[in-house]
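The structure under discussion appears below in the form of structure tokens.
Derivation of every value follows stated rules applied to the coordinates shown; laboratory data play no part. Being a predicted model, the structure only gives us computed values, none of them experimental. We place every Cβ from the backbone using ideal geometry, glycine too, and count neighbours over all the protein chains shown.
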Amino acid sequence: MRYLLLFLLPLFVFSKPFKVASYNVENLFDAEYVGTEYDDYTVKHNWTQRMVDIKLNHAAEVICDLDADILGLQEVENGHILQQLMTRLKRVGCPYGYSAITHKKNAPIQVALLSRYPIRKQSEIEVSVAAGVRNILEVEADIKGKPLTLFVNHWKSKAYRGYESKRIKYAKALQSRIIKMPETKEYIILGDFNSDYNAYLTLENKINDTHGKTAFNDVLKTKIGDYLVEEEEMLKADKGVHYTLWKELPVDQRWSHKFYGKKSSLDQIVLPKQMFDGQGIDYVNNSFKVFKRSYLFTRRGYINTWDYKNGKHRGKGYSDHLPVYAYFDTKPYVAEKKKRGEKKVERKSIEDLYNIEALDGKIKLENVVVVLKRGRNAVVKQRMNGRGIYLYGCADRLEEGQRYDLLVEGIKTYHGLKEITHAYRVKDKGAVESENYMLRGNAFISNRIPQNEVLKEISGIYKNNFLYFNDTKVPLYFKKKKHTPANGSRLKIHYAHLGYYKKLQVVIYSKKDFEVLE
């Protein structure tokens, strides 16, 4: 009986799914200066062996807790520091027996892969001969006797003239390799793409040199027509079409990177139809997640990035990215009952949104006027006498005084304030006189006018956090405390948002929106 158990033991061990993950470790450099490093990672910026050891410890902590069987890494300087990381992981009880890394000459950082499964072979896809352009790592792993190819990517960032055409070079190089592979070849694409999963909706004007064509959606074919590829469409998909696993998560959870408060989905795991066909290795449905241990966040909820301030490394923090992961198995993929696809878009009005707590699909708002925009937030209306609504953190691509058609993916109620949290510009309909959509002076009476109106040219007395005018008293809130005037000041408010935080309040966003009268 003992011999039978020993014979069956490998079957039990290998019957469970395996985890594939991607993690941008944020500039894992060694302490040896060779001249290709970023200037910030030199001795004059306190990048010493002590800093390297701390960085290695922190990276190993995350990787050990993540516990992926195959892990794609971005921003690793070279094979030397990768070997140090593997030594550190072995020391803390999380060993990886196999590794691979690119060797792009004169590139400051490379992409790498750690694996608990044997690596059969590896190669590199050259994107460009330019020194700053990273290669794509191609690795074939042996998963229980079945070959699985992994492509580890780190595409050009959007900073420093990071035009979309530069990311398109990566996507084209990758697709060129994929097209040459056998139809049944199983593979996973992963890495930091420096591109949102819905780049076709979020591409910024300043980096749009491709007339809206995007690397991730259009070249990598995660979008067909006007919509992202649905999971249930994958079995009938053509070669080269891909599914982004970000679609497995609710809209408000689709992020792994946060820059100045703006959330983005730069880190990706992308699959072809072969990972859904019930043959060989398949995706484990709904297993895609973002790794979010508490120590990866600061007390204020920001990502606990590696701490570099005032030109010095301080030996604190982890990375500016969160890892993403998914499970795969030699058991067949299990499809769910057909979900409501994103291709069903309902046309509604802003007034309709006030009767909806959460969206079950997508909504199109037509002829929306941006009445007031401050930063990444805005107040919009469809009709002069209609209701307004607040766009929170999703007005980047909108301009005040312009009319648009918007695609809305998320709404919520925050302490009584109705907000659109995820909205995208789908059509620009030109300029409009936005001041015609505002309420002027005496038209404002706090108990009659609902939230999310824009107020113009109101005068009154500021006292004890209230504005007194026309026998009316309403809370007055300044977004920046330093702009708060002295008690008893006479104010002329040029523009304000009638918002809501447990009760109606007038919100002042900018110093230019009001003046103190003598």
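At-a-glance table
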{"quantity": "Label-reachable residues, the range 121-140, where backbone N falls under 16 Å from a point 7 Å from residue 180's Cα toward its Cβ", "calculated": "122-129, 135-140"}
{"quantity": "Share of pairwise Cα separations in the chain, more than 29 Å, in percent", "calculated": "58 percent"}
{"quantity": "Dipole magnitude of the range 410-518 about its Cα centre (Cβ charges: Lys, Arg +1; Asp, Glu -1), debye to nearest 20", "calculated": "440 debye"}
{"quantity": "The range 439-517 - Debye-derived log10 I(q)/I(0), Cα point model, q = 0.11 Å⁻¹", "calculated": "-0.22"}
{"quantity": "Computed FRET value (nearest 0.05) for residue 470 with residue 510, which takes r as the C-beta separation and R₀ as 22 Å", "calculated": "0.35"}
{"quantity": "Rg over Rh, two decimals, the range 345-436 (C-alpha only, Kirkwood Rh)", "calculated": "0.92"}
{"quantity": "Computed [θ] at 222 nm, deg cm²/dmol, the chain (DSSP H ≥ 4; -39,500 (n - 2.57); rounded to nearest 500)", "calculated": "-4000 deg cm²/dmol"}
{"quantity": "Per-residue ³J(HN,Hα) for the range 460-468, Karplus 6.51 cos²θ - 1.76 cosθ + 1.60, θ = phi - 60°, Hz, x for Gly and Pro", "calculated": "x, 9, 8, 8, 6, 6, 10, 10, 9"}
{"quantity": "Between 0 and 90°, nearest 10: helix 2-13 axis offset from the chain longest Cα axis", "calculated": "40 degrees"}
{"quantity": "Note, ³J(HN,Hα) from phi for the range 314-329, Karplus 6.51, -1.76, 1.60, rounded to Hz, x at Gly and Pro", "calculated": "10, x, 10, x, 10, 8, 8, 10, 9, x, 10, 8, 8, 9, 9, 8"}
{"quantity": "Extension gain from residue 16 to residue 384, taking 0.36 nm per residue of separation minus the Cα-Cα distance", "calculated": "126.5 nm"}
{"quantity": "Computed label-point distance, nm, for sites residue 91 and residue 518 using a 7 Å Cα→Cβ extension", "calculated": "7.1 nm"}
{"quantity": "Taking N as its residue count, the alpha carbon Rg of the range 243-400 over 2.2 N^0.38 Å", "calculated": "1.35"}
{"quantity": "Low-density loop positions, chymotrypsin sites (Phe, Trp or Tyr not before Pro), the range 33-110 - DSSP coil, at most 15 other Cβ in 10 Å", "calculated": "33, 38"}
{"quantity": "Cβ-Cβ FRET estimate between residue 364 and residue 252, R0 fixed at 25 Å, reported to 0.05", "calculated": "0.80"}
{"quantity": "For the chain, Cys with no neighbouring Cys Cβ under 4.7 Å", "calculated": "394"}
{"quantity": "Span from the the range 46-77 Cα centroid across to the the range 279-346 one, whole angstrom", "calculated": "17 Å"}
{"quantity": "Separation in nanometres of the label points that stand 7 Å from Cα toward Cβ, at residue 213 and residue 36", "calculated": "3.1 nm"}
{"quantity": "Gained length - residue 486 relative to residue 432, 0.36 nm times residue gap less alpha-carbon distance", "calculated": "15.8 nm"}
{"quantity": "Distance in nm between pseudo-label sites at residue 238 and residue 205 (7 Å out along the Cβ direction from Cα)", "calculated": "3.3 nm"}
{"quantity": "Sparsely packed trypsin sites (Lys or Arg not before Pro) within the range 34-106, loop by DSSP, other Cβ within 10 Å at most 10", "calculated": "105"}
{"quantity": "3J(HN,Hα) from dihedral phi, the range 161-167, Karplus parametrisation 6.51/-1.76/1.60, rounded to Hz, x for glycine, proline", "calculated": "6, x, 5, 4, 4, 6, 6"}
{"quantity": "Computed E for residue 144/residue 44 - FRET, C-beta separation, R0 56 angstrom, nearest 0.05", "calculated": "0.70"}
{"quantity": "Isotropically averaged projected area of the range 102-213, using the convex hull of Cα atoms (one quarter of hull area), nm²", "calculated": "8.0 nm²"}
{"quantity": "Convex hull (Cα only) mean projected area of the range 409-483, reported in nm² to one decimal", "calculated": "7.4 nm²"}
{"quantity": "Residues in the range 218-240 reached by a label modelled at residue 335 [backbone nitrogen below 13 Å; 7 Å Cα→Cβ]", "calculated": "230-237"}
{"quantity": "Cross-link pairs beyond the 31 Å C-alpha cut-off, checked among 221/309; 166/429; 262/511; 90/172; 206/364; 263/479", "calculated": "221/309; 90/172"}
